[in-house]
């Protein structure tokens, strides 16, 4: 659906985006993550040429947007909706007139436009707010109105620029669930810019991490969460899982480990999360396990888990147990033993 080839954006010598290439498939929910100044907003605005790249190609649905005339580009842009952090609603218009605004010049009767706008408001859950004004809405209701407006032109692509950053956590969850529902219903392709990994975890099936204008890591959301490779990616994942914070709290509450004890982190994905590994390593290797902390969460429908445990038993047996766990798909990280906590 979208292919960005070697995109660079240069602002008077400063490269906001530096040779970035991405492929986004139809019906993807693709997250672009990075701290402020990473270049993610600039990159996404290249998709509909609100920002023209200095170099590179922008291919949308098989067409090179940079080769289109202004008239053709305006026509193609109608198939790309956009929602923003601060909603960008027109305060002097009612909610339903805000939704009608992008299609006000379409060759449809006023009645048809009103009916379409009302259906969209019903879809996003604020059908009863049609005659209200934006100032009378909560933040979540404003964003629902903005989503309805973005859908008025029957877009194939929806660009979301920090669309949940101004919302509280509960409302954020509701908006992400709404976007997922809309995506599933109409096959919408969503590109969402965010600095919140919770947003990626709840909505996206793929993600790219940006730093200093470059993509430093890219993959499925499951790959990124279960096995991040870049340090920045690991930091972002940690903000969502809090595994490192949990490890530190466990370490601070352990005075010392015995001569036959080891502190270990177990990480597992998919079917291995449901295996009774604790019971198995006791039966096979006589290793006693004390679970100190743990969690399982679902990333794009696949369980991902972490356990912080102590193993107690003969060192050789512990080594055998670790080999057994690794062979079954569990990642094992030693955090300390009787010689000290790492």
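The values are calculated or read from the model by the stated rules, or taken from the named source; none is laboratory data. All of these numbers come straight from a predicted model, not from anything done at the bench. Reconstructed Cβ throughout: ideal geometry from the backbone, glycine too, with neighbour counts over all protein chains shown.
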Go through (1) within 30 Å of residue 79 (Cβ to Cβ); (2) touching a strand residue (DSSP E or B) at 6+ places or on another chain (Cβ under 8 Å); (3) surrounded by fewer than 18 Cβ atoms within 10 Å (Cβ to Cβ); (4) touching a residue at least 24 places away in the same chain (Cβ under 8 Å) one by one and return the number of the condition residue 198 breaks.
(2)
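Hey, can you tell me all the residues within region 25-73 that are assigned to a strand (DSSP E or B) and more than 20 Å from residue 230 (Cβ to Cβ)?
29, 55, 56, 57, 58, 59, 60, 63, 64
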Is one or more of the residues making up region 303-315 surrounded by fewer than 18 Cβ atoms within 10 Å (Cβ to Cβ), touching a helix residue (DSSP H, G or I) at 6+ places or on another chain (Cβ under 8 Å) and without any contact (Cβ under 8 Å) to a residue 12 or more places away in the chain?
no
Just to verify a result, which residue in region 207-225, among those that are outside any strand (DSSP E or B) and over 14 Å from the mean Cα position of the chain (by Cα), is surrounded by the most Cβ atoms within 10 Å (Cβ to Cβ)?
213
Note: among 154, 128, just one is out of contact with any helix residue (DSSP H, G or I) (no Cβ under 8 Å at 6 or more places or on another chain) and under 13 Å from residue 94 (Cβ atoms), namely 128
Might you let me know whether region 175-193 holds any residue that is more than 20 Å from residue 148 (Cα to Cα), touching a strand residue (DSSP E or B) at 6+ places or on another chain (Cβ under 7 Å) and in the same structural domain as residue 38 (by TED's automatic domain parsing)?
no
Just to be sure, is residue 277 in contact with a helix residue (DSSP H, G or I) (Cβ under 7 Å, 6 or more places away or on another chain) and under 20 Å from residue 310 (Cβ atoms)?
yes
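On the given criteria, is residue 266 closer than 24 Å to residue 323 by Cβ and either in contact with a helix residue (DSSP H, G or I) (Cβ under 9 Å, 6 or more places away or on another chain) or part of a loop (DSSP other than H, G, I, E, B) (or both)? Outline the logic, then answer.
Values: closer than 24 Å to residue 323 by Cβ: yes; either in contact with a helix residue (DSSP H, G or I) (Cβ under 9 Å, 6 or more places away or on another chain) or part of a loop (DSSP other than H, G, I, E, B) (or both): yes.
Yes.
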For residue 260, only one of the following conditions fails: (1) modelled with pLDDT under 90; (2) touching a helix residue (DSSP H, G or I) at 6+ places or on another chain (Cβ under 8 Å); (3) under 26 Å from residue 161 (Cα atoms); (4) surrounded by 15 or more Cβ atoms within 10 Å (Cβ to Cβ). What is its number?
(3)
Across region 55-77, what is the number of residues that are within 25 Å of the chain's Cα centre (by Cα) and at pLDDT below 95?
2
Failed item, numbered, when residue 249 is tested on (1) surrounded by fewer than 16 Cβ atoms within 10 Å (Cβ to Cβ); (2) at pLDDT 90 or above
(2)
How many of the residues in region 25-53 are exposed (fewer than 14 other Cβ atoms within 10 Å of the Cβ) and under 16 Å from residue 6 (Cα atoms)?
1
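So which of 89, 120, 93 is closer than 30 Å to residue 59 by Cβ, surrounded by 14 or more Cβ atoms within 10 Å (Cβ to Cβ) and assigned by TED's automatic domain parsing to the domain that holds residue 149?
Just a single option satisfies the conditions, and that option is 120.
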